[in-house]
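Student: My structure is below; once you've seen it, I'll send some questions.
Just so you know, all these numbers are worked out from the coordinates, no wet-lab data involved. Since we're looking at a predicted model, the values are computed, not measured. We place every Cβ from the backbone using ideal geometry, glycine too, and count neighbours over all the protein chains shown.
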Amino acid sequence: MSETQTQSATRTEVLLDVRGMRKVYEGHGRSVEAVRDLTFAVARGDLVCVVGPSGAGKTTLLKCIAGLLAPTGGEVVLEGTAVDGPPPGMAVVFQEYGRSLFPWMTVRRNVELPLKQKKLPKARRSELVHQALEAVGLADVHTAYPWQLSGGMQQRVAIARAIAYEPHILLMDEPFAAVDAQTRADLEDLVRSLWHRLGVTTLFVTHDIDEAVYLGQRVLVLSSAPTVVLDDIAIDLPEERDQLTTRSSTRFAELRGQVFAQIQRAKQQRGAVEPA
Amino acid sequence: MSETQTQSATRTEVLLDVRGMRKVYEGHGRSVEAVRDLTFAVARGDLVCVVGPSGAGKTTLLKCIAGLLAPTGGEVVLEGTAVDGPPPGMAVVFQEYGRSLFPWMTVRRNVELPLKQKKLPKARRSELVHQALEAVGLADVHTAYPWQLSGGMQQRVAIARAIAYEPHILLMDEPFAAVDAQTRADLEDLVRSLWHRLGVTTLFVTHDIDEAVYLGQRVLVLSSAPTVVLDDIAIDLPEERDQLTTRSSTRFAELRGQVFAQIQRAKQQRGAVEPA
Amino acid sequence: MAGGNALLGVLGFATFLALLEAVPRAGLVSPDYLPPLSRVGGALADLAGEAAFWTALGDTVRGWFLGLAIAVALGVTVGFVIGTVPVLREFTASTIEFLRPIPSVALIPLAVLVFGTELRSVLLLVVYASFWQVLVQVLYGVRDVDPVASETARTFGLSRWARVRHVTWPTALPYVLTGVRLAAAVALILAITAELVIGAPGLGNEIGIAQSGGAVARMYALVVVTGLLGVAVNVLARRLERWLLSWHPSLRREVVS
Amino acid sequence: MSILRRVTRASLAALTLPAALLALWWILTADSESYYLPPLSDILAAVDDVWLRSGRLSADVLPSLLRLLGGFLLAVALGVTLGIAIGSSRRLRAFCEPVLEFLRAIPPPVLVPVLMLFAGIGDTMKVLVIVSGCVWPILLNTVEGVRAVDEVLVETARCYGLRGPSRLWHLVVRSASPQIVTGLRQGLSIGIILMVISEMFAASNGLGFSIIQFQRTFAVTEMWTGILLLGLLGFLLAMLMRLFERRALNWYFGLRQAQRGGSR
Amino acid sequence: ACGSSDEGGSAGDGGTTKIKVGAIPIVDVAPLHLGIQKGFFTEQGLEVEVVNTTGGAAAVPGVVSGEFDFAFGNLVSLIVARAQKLPLKAVAEGNSSTGQQGKDFGGIVVPKDSPITGAAQLAGKTVAVNNLKNIGDTTVRASIRKAGGDPTGVKFVELAFPDMPAAVANKRVDAAWIVEPFFTVAQNQGAKVIASNFVDTAPNLTIAAYFTTERTVQQKADLTKRFTAAIEKSLAYAQEHPDEARAVLPSYAKIDPAVAEKMTLPAWSGQINRDSVQTLADLMLTDGLITEKVDVGALLP
Ligand SMILES: Nc1ncnc2c1ncn2[C@@H]1O[C@H](COP(=O)(O)OP(=O)(O)OP(=O)(O)O)[C@@H](O)[C@H]1O
Ligand SMILES: Nc1ncnc2c1ncn2[C@@H]1O[C@H](COP(=O)(O)OP(=O)(O)OP(=O)(O)O)[C@@H](O)[C@H]1O
Ligand SMILES: O=[N+]([O-])[O-]
Ligand SMILES: [Mg+2]
Ligand SMILES: [Mg+2]
């Protein structure tokens, strides 16, 4: 399950299956239909980017997949069983990164905690923590508390925690929103190399179209709420990507334009729904 | 002070003067020199963008200007007097937007509260709240609580609160980090038009280089901590800007490249300081 | 900074003491009934010379400490079990509300019946009264866990126990400590009241004897001793808090900026 | 339909355990010979005689309740006001804390003689005894709540020039309100205890007075009816408190629930 | 229950039996402490531990549960307990009124400048007693009746004896029934004595008794006999040596020596005055403290 594997070899095996998912938030005088009808599948080892306007229901979708929210209708099936709680071996980077770090622990202990839970030996834990913090460019803040860090640094701690965990499913909710352009580029490459190395099935929510195209094998475009899948675009860029050459290729520009057009459509026909 | 004015007419009058500012965070076993030596001035009616790597001290700088933090050394002079508390007529959009909204108030009341404090009549308040929420694309969530909104929506509420306030100094800390590309473009234009209409002196922190170049009259590039000003680039793009034409102009690309180079420099010479 | 705080505290206490001296002297009340501080101080000095007083003090502190320890252990355990299992919480709420206001003092005859005037009688009353203080604080603390934090823990596969240990416990800790501080005071009050009413050995009993003999200054000296015990308890609790909660907003703000 | 289900479930939750405990009590004491543990059946049978027909409900329970209410409200006013002041100022906190801790440790029964010197032996004294006990949880919780206000909110409020009463209400009180309400609940239950204690002194009526009177005259069955009544009273007051809490902390429960999204 | 002495009251090693006696730390129990000091209990093979109680009502549960072997309590409390079917049994006198008008160890006092000069004028007034529905209000009513007044309108409030002098001086109450040492304290502060309620109730009224349970009397007859013998010897000794009785006070009570010197001691006659107890029981019935007539014979030895 966690052995290294190439993506094409397992493309057909469905890992995650979202079927007619619907989510209505009730209560406190407001009832919001956040997600109307989402259906899509993700194969094992896929890297899928999800884009959509603000308030589209991306976070809602991610939380349902993580088993943190119960869908109002439809179902989320992971490895053949309906999700009803956080499945093992999954890591999530929350949009509310600041609040997802434990203020009573130092950065190192924050990253280490899930590893302890996995009962890894001390030496291995320490190695993983080091590597992860190094990878996100935070090798020098081990003993700081999260609230002593800047916003972008906090977000990177949350990312480090997820990658140190070596999950086989990785859910990330706008994980690079608070970091600068250069760091962002570095982190994008980090995610791709991680995915290559571990074969992690990854769902990546972002509002940056370039990022979605650069990272993903597929880009799911969501409409604005009540949400449906507007488009599911396969990204046929070469497997080896590079910030400079990939981004300046014509195919990149085409795909970028295609996603952009869909998003524009999503924004314009607010409410007027037309399933993909 | 709040009458409409063109920027060129008042370019010479210094509104904000940061002189040799230094900030060291102490305590809990860590002493961090976040800002080493910052010196720059902002004229009345300027729109200055601040970029710099994550952890550079951008938030720290903003908080010192807002009078929320006391600098360890140097001084921050606003309209001729040293800042020692939040000056009147200033609005701030915090990087931690989620935590800066009052969870016990509806969206409308969150936006209205500072206006009440300003003792505006009810009708005027209601008008401003409406316009502001409309402008950020949230005309339909007046009665929702902040925690019923998505991350991007929360961030836009914080922005609406700042613009409804009609400040004459506006400080924004990565205000568009959580919103999608399209909304982001709209909000950028909103900030420019607000600045034009009210002549608000604006300091805008972002990690998006394109955004900085598109928005600003000047871009300040900060080094990584301990921070100094690496470069202060005048953006000589035409006054009337447009998402499509401006961004595709060659001058834009040049300026963008210039900023990018500086940022690269900032990242590379971590620690090795050389004031601008 | 800590030194400055201590200084202010001493100043505050001195003001209070001056007031205690001035009120009877100014004739606002008769010194026969509320003797000025100086006379109470004299009685306090006499007390310090009596072996019996130290024995009584020891008895009270023992009853108080044992009772408090039992109450805190019980309160925290029961609170976490009930607080983290929603069904339990739902089904015990009414019973807790019902039992909580039954005053320990109403249980005195029962305590005497079962345990006589021994230490255990005092313990029963002390534990009963302070248990609720801790329990309720713990229940509120557990409720206050930040859902984003607990969801994070859940997604990383932290077991129920690990979540309690790493997420619920730190969140509830400030509440627990407030509960301990409240319970410490209630336990002291109950230990002394029980000694006073039941006649079990301790400071309360000494107060009763002084009271029924009309030894007013001595009685107030003993009251002052209980108050000082309270101050000592609080100083300890604050130490503990500072040590355990350095990450908490209420404490870290005092250090930053 | 779903409302009906909710109500049913709520009443089930509220009644199951008490019913089970009462049943247990009933069975264990059914043929109790112990003088101090009369059969529950006898106790329940005596309730009518002791409290309803004798007019004790208005002669004893009502005055007790009024004193409790007076004492509690006074304690709330005092505790919240002082708590906000002390919680907001580190200096004031340092200045007051030792004295407050000193006063807090003094058992109300020994405070009574002093209170009597100043307030006489009437209801005022009893109300003050109640205040002297239930002000502490309110005060302490308010102080802690005020100290824990989110920094980002504090900074937001400062930037938008929120000052004075407006800041106090919209920022400090609302933000500390979950903690303050915790204090109110604790204070209320301590208030009931002190209502009983206050009626041990210079009283001639009251629920606590009656219980103590029964206890002293060895009317054990009657004493147990009193203890039960006291528990019931506490329960009803706690329910009222919960209603208030639901209203005042609507946002807080919503916030938590929303973030959980209804899932457990 | 976990009482201290075992069944049968058998003598421990060395021939002494350990017993626990519950007693309120006031003047009234001076003979007990004096007797212990004088070795009267050791003579009977008894090693006494005195446990402080807050009065008869608090001592009764201790005796019933077996925690105390014997205790000191006032007769009104004992009669009430008996009426509630508690199987108590008095074994010896505790103390008695001196029987001398104006020279008893307690009485009714009024503030210095009060217009009240006699018990009859107490009708409609507020009078402090230490416990409601106990010996205080019963005997105060008896005083009023004897003086020709109507006791029905008197309002009694509870106040601890130590708080009474202040309450009288500050006119918080119109009158108070006080016993020593506070009786003397109040008079020192100017209060006037208007009646001696014990004397008004019955001649040589017995106030309190040492008591135990019927079971102890039956099953530990020998122990009871030895205790009774020792306490009666102590009572007689104290009665004859009032100075020694005064001298023993500081060992268990904290009384201002100046007051202790001056105050009136109760009588320790060694005898329970059965008639006076019956009078008391009848008054209690009249005043509604008990609902049926109690035969004091069952209570008294
Ligand atoms: N707890 C809640 N209660 C009520 N409505 C909610 C709640 N959470 C989210 N919503 C609503 O559901 C919709 C989708 O929210 P969601 O957070 O999933 O959006 P998103 O796609 O993640 O947006 P963003 O890009 O801004 O983070 C929004 O309209 C929001 O108002
Ligand atoms: N409260 C604090 N205590 C200690 N160190 C702090 C504190 N706040 C910030 N710092 C440190 O100061 C430095 C600058 O932080 P700041 O938040 O100003 O960065 P920033 O430029 O806003 O970064 P970002 O783009 O990630 O938000 C960082 O190294 C951070 O660790
Ligand atoms: O429970 N109390 O009697 O304090
Ligand atoms: Mg989101
Ligand atoms: Mg920042």
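Student: Could you compute how fast chain C diffuses translationally, taking Rh as the Kirkwood radius over C-alpha pairs and applying Stokes-Einstein at 25 °C with viscosity 0.890 mPa s? Give it in µm² per second.
Tutor: For these conditions, the coefficient is 118 µm²/s.
Student: What does the average come to when, for each residue of peptide D:113-119, you count the partner chain Cβ atoms lying within 10 Å of its Cβ?
Tutor: Mean partner shielding for this stretch: 6.
Student: Residue of A with Cβ nearest the axis relating A to B, plus distance in whole Å?
Tutor: Measuring from each Cβ to the axis, the minimum is at A:A177, 2.
Student: Can you work out ³J(HN,Hα) from phi for every residue in region B:176-190, in order, using Karplus 6.51 cos²θ - 1.76 cosθ + 1.60 and θ = phi - 60°, giving whole Hz and x for Gly and Pro?
Tutor: 10, 4, 9, 10, 6, 4, 5, 4, 4, 4, 4, 5, 4, 5, 4
Student: Put a dot 7 Å past each Cα toward the Cβ at C:A73 and E:A236; how far apart are the dots in nm?
Tutor: Using points 7 Å along Cα→Cβ, the separation is 5.5 nm.
Student: Relative to the compact-globule scaling 2.2 N^0.38 Å, provide the ratio for the alpha-carbon radius of gyration of the protein assembly as shown.
Tutor: 1.15
Student: Under 13 Å Cα to Cα from A:K122, which aspartates and glutamates show up? Leave out anything in the same chain fewer than 8 places away.
Tutor: Partners within reach: A:E112.
Student: May I ask you to derive the relative contact order of region B:101-158, considering only C-alpha pairs under 8 Å and at least 6 residues apart, and to give it as an integer percent?
Tutor: Relative contact order here is 51 percent.
Student: I need D:M239, A:M105, D:M116, A:M153 ordered by Cβ neighbour count within 10 Å, fewest first.
Tutor: Neighbour counts put them in this order, fewest first: D:M239, A:M105, A:M153, D:M116.
Student: A follow-up question, please. GNM on chain D, C-alpha springs below 10 Å: top fluctuator among D:L194, D:L68, D:L28?
Tutor: Maximum fluctuation in the GNM of chain D, among the listed residues, is at D:L28.
Student: Another question, if that's okay. How crowded by other chains is D:227-240, given as the mean number of beta carbons from other chains within 10 Å of each beta carbon?
Tutor: Mean shielding by partner chains, rounded to a whole number: 4.
Student: Here's another thing I want to ask about it. Compute the FRET efficiency between C:R62 and C:R238 as 1/(1 + (r/R0)^6), taking r as their Cβ-Cβ distance and R0 = 22 Å, and round to the nearest 0.05.
Tutor: After rounding, the FRET efficiency stands at 0.45.
Student: To continue, here is another question. Between the label point of B:R30 and that of the same position in each other copy, find the distances and list them shortest first in nm, with every label point placed 7 Å from Cα along the Cα-to-C-beta direction.
Tutor: 3.5
Student: Step through the table entries E:K233/E:K293; E:K89/E:K293; E:K38/E:K225; E:K18/E:K220, compare each Cα-Cα distance with 22 Å, and write down the pairs that go over it.
Tutor: E:K233/E:K293
Student: Relative contact order for chain B: what is it in percent, counting Cα pairs under 8 Å that are at least 6 residues apart?
Tutor: 25 percent
Student: Got a sec to turn the phi values of region C:219-229 into Karplus ³J(HN,Hα) couplings, 6.51 cos²θ - 1.76 cosθ + 1.60 with θ = phi - 60°, whole Hz, x for Gly and Pro?
Tutor: 4, 5, 4, 5, 4, 4, 4, 4, x, 5, 4
Student: What's the local net charge at C:T84, with K and R +1, D and E -1, over the other residues with C-beta under 9 Å away?
Tutor: Local charge sum for C:T84: +3.
Student: A further question on this structure: Please pull out the direction-averaged projected area of region A:42-150, using the convex hull of its alpha-carbon atoms, in nm² to one decimal place.
Tutor: So the Cα hull casts an average projection of 9.0 nm².
Student: Using a Gaussian network for chain B with springs between C-alpha atoms less than 10 Å apart, which of these wobbles most: B:E211, B:E134, B:E26?
Tutor: Among B:E211, B:E134, B:E26, the largest GNM mean-square fluctuation belongs to B:E26.
Student: Got the B:A123 label distances to the other copies yet, label 7 Å along Cα→Cβ, in nm, shortest first?
Tutor: Those label-point separations list as 7.9 nm.
Student: What is the distance in Å between the Cα centroid of region D:91-111 and that of region E:83-124?
Tutor: Cα centres, region D:91-111 to region E:83-124: 41 Å.
Student: Tell me, what does the Kirkwood hydrodynamic radius of region D:38-259 come to in angstroms if you use every pair of distinct C-alpha atoms?
Tutor: Hydrodynamic radius (Kirkwood, Cα only) of region D:38-259 equals 19.3 Å.
Student: Hey, which lysines would be in cross-link range of A:K63, C-alpha to C-alpha under 19 Å, not counting anything within fewer than 8 residues on its own chain?
Tutor: In chain and number order, the partners are A:K23.
Student: Read phi for every residue in region B:112-117 and hand back ³J(HN,Hα) as whole Hz from Karplus 6.51 cos²θ - 1.76 cosθ + 1.60, θ = phi - 60°, with x for Gly and Pro.
Tutor: Along region B:112-117, the couplings run 7, 3, x, 5, 4, 4 Hz.
Student: Give the aspartates and glutamates reachable from E:K192 as a straight Cα distance under 13 Å; neighbours fewer than 8 places away on the same chain don't count.
Tutor: Of all the aspartates and glutamates, those that pass the test against E:K192 - Cα under 13 Å, at least 8 places apart if same chain - are E:D113, E:D174.
Student: Then there is this: Just tell me how shielded D:191-203 is by partners: mean number of partner chain Cβ atoms within 10 Å of each residue's Cβ, no decimals.
Tutor: Average per residue, whole number: 4.
Student: Another question, if that's okay. Across bins of 10 angstrom width beginning at 0, how are the C-alpha pair distances of region A:101-158 distributed, in whole percent?
Tutor: 26, 57, 17, 0
Student: Under the rule of at least 5 residues apart or a separate chain, name every residue whose amide H is placed under 5 Å from the amide H of B:R218.
Tutor: Excluding prolines and chain starts, which carry no amide H, the hits are B:L47, B:C49, B:I235.
Student: Amide H neighbours of E:I290 under 5 Å, counting only residues 5+ apart in sequence or on other chains, H built in-plane at 1.01 Å?
Tutor: Correct list: E:L285.
Student: Compute the separation of the alpha-carbon centres of region B:9-79 and region D:139-167 and state it in Å as a whole number.
Tutor: Measuring centre to centre over Cα atoms gives 25 Å.
Student: Ok, one more. Starting from the coordinates of the alpha-carbon atoms of chain E, obtain the Kirkwood hydrodynamic radius over all distinct pairs and give the value in Å to one decimal.
Tutor: 19.5 Å is the Kirkwood radius here.
Student: Over 25 Å apart: what share of the alpha carbon pairs of region A:158-275 falls there, rounded to a whole percent?
Tutor: Of the Cα pairs, 26 percent sit more than 25 Å apart.
Student: Fewest first, what order do B:F260, D:F95, E:F211 take by the number of other Cβ atoms within 10 Å?
Tutor: Placing the least packed residue first, the sequence is B:F260, D:F95, E:F211.
Student: For a 30 Å ceiling on Cα separation, which of these pairs sit above it: D:K126/E:K20; A:K58/B:K119; E:K103/E:K155?
Tutor: In this structure, D:K126/E:K20; A:K58/B:K119 lie more than 30 Å apart at Cα.
Student: With the contact rule set at Cα under 8 Å and sequence spacing of 6 or more, what percent relative contact order holds for region C:36-256?
Tutor: 27 percent
Student: A follow-up question, please. About its Cα centre, how strong a charge dipole does the protein assembly as shown have in debye, to the nearest 20, once Lys and Arg get +1 and Asp and Glu get -1 at the Cβ?
Tutor: Charge dipole, the protein assembly as shown, about its Cα centre: 1220 debye, nearest 20.
Student: What does the charge count around E:G190 come to, taking other residues whose C-beta lies under 11 Å from its C-beta (Lys +1, Arg +1, Asp -1, Glu -1)?
Tutor: Every neighbour counted, the sum reads +1.
Student: In addition: Suppose you put the label 7 Å out from Cα in the Cβ direction; list, shortest first and in nm with one decimal, how far B:E13 is from each other copy's label.
Tutor: Nearest first, the other copies' label points are 7.1 nm away.
Student: Here's something else I'd like to know. Below 13 angstrom from the Cβ of E:A281, what's the summed charge of the other residues (Lys, Arg +1; Asp, Glu -1)?
Tutor: -2
Student: Name the long-range amide H neighbours of E:K171: under 5 Å, sequence gap of 5 or more, or other chain; modelled H, no Pro or chain starts.
Tutor: Under 5 Å from the amide H of E:K171 lies no amide H from a residue far enough along the sequence or on another chain.
Student: Taking the Cα atoms of chain B, what is the range of coordinates along each of the three principal axes, in descending order and whole Å?
Tutor: Between the extreme Cα coordinates on each principal axis of chain B lie 54, 49, 36 Å.
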